Amino acid sequence: MLGLFLTNYYNYCIIISMALLTLTAIIDQAKKIPDRDNLAQWIRDQGKYAPNNTSIRDMKNFVPGCEHPVWISYTLNGSGVNFDISCDGADSQGVAGIVVQALGGLTARETRAINFAEFREIARYLNNRQQRTLNAILNKIKDTIGDP
């Protein structure tokens, strides 16, 4: 029984580590960008990982506290959590793309186990409005997916 528990715990830790490796890779990309203008464009470009799905726009999916209006929902399937995002601004869409890259594909349990403080490092490369958007999106995910 202990062996099964340790095996499951080990596999669980590997999956969480993979999510953090994705976040680390994103941070490494940001570190290589030489100036704020190029960094701003890079952040906007991350929006390609969070296609804009306007069909999710209703109050239960609304994310308060973002720079631009943002809506987020998710579905669970065999490949984990899949996020749907809708944003009115390119910066917010880019921030959402960073979150989708880091958390997409995890199970609900794995998503709940992520320490969102891990996003502090990427937040260093975001302006204040983008940081607020990141924080609001992460809080909405935590509230929506719920506690274990």
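The values are calculated or read from the model by the stated rules, or taken from the named source; none is laboratory data. What you are looking at is a predicted structure, and each value in this text was computed from that prediction instead of being measured. Positions of Cβ are backbone-derived with ideal geometry, glycine not excepted, and every protein chain shown enters the neighbour counts.
Tell me, please, whether a residue that is modelled with pLDDT of 55 or more, part of a loop (DSSP other than H, G, I, E, B) and surrounded by 18 or more Cβ atoms within 10 Å (Cβ to Cβ) can be found in the stretch 38-50.
Scanning the stretch 38-50 turns up at least one residue that is modelled with pLDDT of 55 or more, part of a loop (DSSP other than H, G, I, E, B) and surrounded by 18 or more Cβ atoms within 10 Å (Cβ to Cβ).
So how many residues does the stretch 51-85 have that are of a type in the set (Val, Ile, Thr) and either surrounded by fewer than 13 Cβ atoms within 10 Å (Cβ to Cβ) or in a loop (DSSP other than H, G, I, E, B) (or both)? Qualifying residue count for the region: 3.
Highlighted here are the helices (runs of 4 or more DSSP H) found entirely within the stretch 102-148 that include at least 1 residues which are free of Cβ contacts under 8 Å to residues at least 12 places away in the same chain: 120-123, 128-145. Of the residues Asp88, Asp143, the single one that is more than 18 Å from Tyr49 (Cα to Cα) and either in contact with a Gly (Cβ under 8 Å, 6 or more places away or on another chain) or surrounded by fewer than 18 Cβ atoms within 10 Å (Cβ to Cβ) (or both) is Asp143. In the stretch 47-72, the residues that are more than 20 Å from Asp143 (Cβ to Cβ) reach residues that are modelled with pLDDT under 95 with C-beta atoms within less than 6 angstrom, at least six apart or across chains, in these pairs: Tyr49/Val100; Tyr49/Gln101.
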